[in-house]
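The values are calculated or read from the model by the stated rules, or taken from the named source; none is laboratory data. Predicted, not measured: the structure shown is a model, and the values here were computed from it. Reconstructed Cβ throughout: ideal geometry from the backbone, glycine too, with neighbour counts over all protein chains shown. Just the protein is used for accessible areas: all its heavy atoms, side chains included, with ligands, DNA and RNA removed. Shrake-Rupley method; radii C 1.70, N 1.55, O 1.52, S 1.80 Å.
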Amino acid sequence: MLTDLTDEQLLTQALDGDEDAFTVLYRRRQGPIFRFALHMSGSSHVAEEVTQEVFLFLVQRGRDFDAERGALGAYLFGVARNYVRRALERNYPEQVLGSPVEDEAASLMVECDPTEGIARRQTSNAIWKAVLSLPEHYREVVVLCDLQEQSYADAAQAVGCAIGTIRSRLHRAHDMLSKKLRHSAAVAPGISKVAARCVS
Amino acid sequence: MTCREFKHSAASLTLWELLQAPDEQILTHAQQCEGCGGWLQNQRTVAASLQTLQAQTAAMQAGPRVERTLLRAFRQTAAGSAPQPMVTRVSAPTAFRLSHFFEIGAYVAVAAAIIVSVFLGIRLLQHSSRTVPVQSGIIPGSTRPLLQKPVVAAHGDSSKLLSAVANNHVTRTARSRSQRRDSASVATATVQTVAAEESQPDADADYVALMFCDPLSCSSDSQVVRMELPANSAAQNSQPPVADLVVGYDGVVRAVRIVN
């Protein structure tokens, strides 16, 4: 079964011309790549474009991947990171930093309590805006480690820096997010309540 | 546990580990220390917010169009041909379009500058070729040097010299220049010049060359000076003889003509 194979094995077969292996690999990895680009850019359009670019890159230059240097997932995050940066440099003023959770993600939530649903949505919007307002090198570690749940080692491989750098950036990013959320809570008090309820 | 140890221990944990049940020592210190307790609470708030965001976006993924495009590219690559470029891109941002416009504008400006400089260069060459001193030559059948751009002395007889210059095959430019000088120095001679040219077309034939005239040195400015010869040189004549001397820039007399 192809689904039992590792990413590296699937890539090897795909590069040998196995379309099914490529499809399995794509379906396994496209979600995290898409969400990484989405969290980094705030635009689903940019995220789709980046996802496509990443796997197109894999098709064309997949043989450059060296499994001894790290996992394929971290490699793909690193490629995605570069494409996201290019997309952000192209400056999509009408798309980037929009209101991200209001459309698709919000519709996926099944809310038992409407009041809580509204407050949760406010929380999501506030944290997403806070994440998007972070400087890029802080944002990418938050997205990789906190939202994509990558290990520090994988994040370090994707970003191309030391693990200690990832840890210190993450620490600093959390402090910045905390300040931003406190500021948002001062503006919209429901956020801290929902957060407190989630914690308890 | 000190505050420093608390921060060090907490920093080694991930956000999710802080959100769940951290170390007992950490919790104890957070309860005792207000500052560290507040910090831990803020971190938990951040973790909870990020968890909410993560849960909301967990199901999001790329659309089927991306997969179709990639599979098409994969088949083309597998078939040995280069894959098609990206699908429809987002319209180019205004900044990019403007930069592209300015890039074209820069090329146009450079091309225009080159054309203008070439034009000016040609004009300059033409101008310099006009102002190059006229090469003197030898009149066929005569060994006397040519007179180039003579300056007529302030005498009424300067019209003869002008006609001499004109008949010496001096170029039109040199002639007009000398005529301009004449008009400045001898205002009344201008009208007479034309008549003199017609009546005495070979006035320079009276000049006698006193030295070999190198074409280069003779082409420089010279001046015609009218002077009376010393009385002893004109032995018994009642009137002292008058001569026109063509004096070069170096003060050497090039030619002489006896007027009377």
Complete set of residues in segment B:20-50 that are surrounded by fewer than 20 Cβ atoms within 10 Å (Cβ to Cβ) and at the interface with chain A (Cβ under 8 Å from one of its Cβ atoms): B:42
Mind checking whether some residue in segment A:179-191 is in a helix (DSSP H, G or I), more than 8 Å from every other protein chain (Cβ to nearest Cβ) and at pLDDT 90 or above? no
Residue check, residue B:66 at the interface with chain A (Cβ under 8 Å from one of its Cβ atoms) and under 29 Å from residue A:57 (Cα atoms): yes
Single unsatisfied condition, residue A:14 versus (1) over 23 Å from residue A:138 (Cα atoms); (2) more than 9 Å from every other protein chain (Cβ to nearest Cβ); (3) crowded, with 18+ Cβ neighbours inside 10 Å: (2)
Give just the number: which of (1) more than 28 Å from residue A:29 (Cβ to Cβ); (2) part of a helix (DSSP H, G or I) does residue B:67 not satisfy? (1)
Check whether at least one residue in segment A:12-32 is under 18 Å from residue A:149 (Cα atoms) and either among the hydrophobic types (A, V, I, L, M, F, W, C) or over 16 Å from the mean Cα position of the chain (by Cα) (or both), and report yes or no. no
So residue A:159 ticks every box in (1) more than 16 Å from residue B:14 (Cβ to Cβ); (2) surrounded by 24 or more Cβ atoms within 10 Å (Cβ to Cβ) but one. Which box is left unticked? (2)
Being without any contact (Cβ under 8 Å) to a residue 24 or more places away in the chain and open to solvent by 10 Å² or more (accessible area, probe 1.4 Å) is the filter here; which residues of segment A:32-53 pass it? A:48
Which ones in segment A:59-82 are open to solvent by less than 40 Å² (accessible area, probe 1.4 Å), more than 9 Å from chain B (Cβ to nearest Cβ) and assigned to a helix (DSSP H, G or I)? A:62, A:72, A:73, A:74, A:76, A:77, A:78, A:79, A:80, A:81
Just one of B:96, B:101, B:74 is at pLDDT 85 or above, part of a helix (DSSP H, G or I) and either among the aromatic types (Phe, Trp, Tyr) or surrounded by 12 or more Cβ atoms within 10 Å (Cβ to Cβ) (or both); which is it? B:74
